[in-house]
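The values are calculated or read from the model by the stated rules, or taken from the named source; none is laboratory data. None of these values were measured; they are calculated from a predicted model. Here the Cβ is made from the backbone with ideal geometry for all residues, glycine too, and neighbour counts use every protein chain on show.
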Amino acid sequence: MSSSALGDMFVLDPATGLDALVRALVDDGYRVVGPLVRDGVIVYDDVRSGDDLPKGVTVEQSAGRWRLTIDDRPTRFSWTPGADSWKRFVFPAHQEVLRVRHVDGSFATTRPPSPDRPLALLGARDCETRALGVLDRVLIDPDHPDPRYAERRADTFVVAVTCGQPSATCWCTSMGGGPRPREGFDILLTEVTTGVHRLIAEPGSERGSALLARVGIAPATDEDHADVEAVADAATSSMPARLPGADIPTLLAGMHHPHWDEVAARCLSCANCTMVCPTCFCSTLSDTAALGADHAAGAETVRVQEWASCFQLDHSNLAGHPVRATTMSRYRQWLTHKLQTWPEQFGTLGCVGCGRCTTWCPAGIDLVEEAAVLIGAGAQGGTP
């Protein structure tokens, strides 16, 4: 996927273009995953045609609240993401790592087969393409790579979408992003609703260009180019949440400010924020052995990897005791890691500003509001 500046634009017929795009990806052997409306929320799952995509869907979000509405508009990408993220397709919440079987007095190890089809992600927003980039930096690290993740990501095809209607909990512009993705995709779609409803497509890679050439596109006009910029500009202007990015490095200076305790009094330590986060990568390994087998012939042990959270009490266990025994210490670890120590480890922020942690917090804790207070406290030397 190219990270070069965007250039050529083409027009897709909104009535038939998406279906042609999906079918072309399927014909190329991809497992196409995209947005679906299920049980009143947006989820990501297998898409078989353009008609599967949401139509006329908008979303209202605030701290601790997410509501979906449907009207008669023809729009396909007027929604903002729900709790689901693309992470679970490349870094599953539960995955088998290996099996060890007792055979003829020895042990045979087998690993799960590789995925039979590469992934095509349809409808990824800028915050989501950047989240995949953050995970790549962590899990394809040359010194400590995760081979299962690297294998799933190797041939992933990404169809990104300009975010035309940010929610009240979005703050991607504070995290170095914006409504219109600039890299990390093979094709970028912008849905224009002013005048004639249309989808403007931009290739981001050679394979993206090749696929667009097969789905019946027309060159974009100057008006189309202007409308694409207008969609992104309007979305940027409507972005409600802001963080003082230049002051984020002061967060650790307020480590002992009493506001941490005030937030902790509201926090349920439920781990919702980390489970919906598209960049959190904590996991744990566990082995399950056949009961009573005692190394008998055919006895089998299965090792699985599952998502974990720094909000779990046993996450920081050392010598049988948790290093972070209080909710305050765990919330502080999570927030300071996301915004300050993550860049020291990996060279990028650990937050992409998608707002999921705020929307899906049952206590309605708003990361932007709390971080702004604590960053301000750090700028004042960490004193109350």
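One residue is enough: does segment 88-95 have a residue meeting the conditions touching a residue at least 40 places away in the same chain (Cβ under 8 Å), part of a helix (DSSP H, G or I) and surrounded by 17 or more Cβ atoms within 10 Å (Cβ to Cβ)? Checked segment 88-95: at least one residue is touching a residue at least 40 places away in the same chain (Cβ under 8 Å), part of a helix (DSSP H, G or I) and surrounded by 17 or more Cβ atoms within 10 Å (Cβ to Cβ). Closer than 30 Å to Glu369 by Cα and outside the structural domain of Ala363 (by TED's automatic domain parsing), is that true of Leu68? The answer is yes for Leu68. Taking residues in segment 319-335 that are at positive phi, and partners anywhere that are part of a loop (DSSP other than H, G, I, E, B) and modelled with pLDDT of 95 or more, not one pair has Cβ atoms closer than 8 Å while being at least 6 places apart or on different chains.
Is there any pair with a first residue in segment 172-200 that is at positive phi and not assigned by TED's automatic domain parsing to the domain that holds Ala371 and a second that is surrounded by 22 or more Cβ atoms within 10 Å (Cβ to Cβ) and assigned to a strand (DSSP E or B) whose Cβ atoms are under 7 Å apart and which are 6 or more apart or on different chains, and what are they? Correct list of pairs: Gly184/Val158. Remark: Pro14 falls outside the filter, which requires a residue to be part of a strand (DSSP E or B) and in the same structural domain as Phe77 (by TED's automatic domain parsing). Note on segment 328-355: among residues that are among the β-branched types (Val, Ile, Thr) and under 16 Å from Leu367 (Cα atoms), the one that is farthest from the chain's Cα centre (by Cα) is Thr336.
Taken over segment 205-242, the criterion of being in contact with a Gly (Cβ under 8 Å, 6 or more places away or on another chain) and crowded, with 18+ Cβ neighbours inside 10 Å is satisfied by Val215, Ile217, Asp227, Val231, Ala232, Ala235, Ala241. Sort out which residues of segment 161-171 are among the aliphatic types (A, V, I, L, M) and either on the phi > 0 side of the Ramachandran plot or under 17 Å from the mean Cα position of the chain (by Cα) (or both), and write them in order of number. Of everything in segment 161-171, just one residue is among the aliphatic types (A, V, I, L, M) and either on the phi > 0 side of the Ramachandran plot or under 17 Å from the mean Cα position of the chain (by Cα) (or both), namely Val161.
Under the condition of being surrounded by 15 or more Cβ atoms within 10 Å (Cβ to Cβ), over 23 Å from the mean Cα position of the chain (by Cα) and at pLDDT 90 or above, the residues counted in segment 101-128 number 0. Restricting Val57, Val32, Val22 to those that are touching a Leu at 6+ places or on another chain (Cβ under 8 Å), crowded, with 20+ Cβ neighbours inside 10 Å and farther than 17 Å from Glu191 by Cβ reduces the list to Val32.
Quick one: how many residues across segment 356-384 are modelled with pLDDT under 95, out of contact with any Phe, Trp or Tyr (no Cβ under 6 Å at 6 or more places or on another chain) and more than 12 Å from Val263 (Cα to Cα)? Looking only at that region, the number is 11. Selection of segment 148-192 for residues being touching a Leu at 6+ places or on another chain (Cβ under 6 Å) and not in a loop (DSSP other than H, G, I, E, B) yields Tyr149, Val158, Val159, Ala160, Val161, Ser174, Met175, Leu189, Glu191.
Here segment 245-267 is the region considered, the condition is being loosely packed, with under 14 Cβ neighbours inside 10 Å and either in contact with a Ser or Thr (Cβ under 8 Å, 6 or more places away or on another chain) or in a helix (DSSP H, G or I) (or both), and the residue that is modelled with the lowest pLDDT is Ala246. The one condition from (1) farther than 23 Å from Ala63 by Cα; (2) among the small types (Gly, Ala, Ser); (3) outside any strand (DSSP E or B); (4) touching a Lys or Arg at 6+ places or on another chain (Cβ under 9 Å) that Ala120 does not meet is (3).
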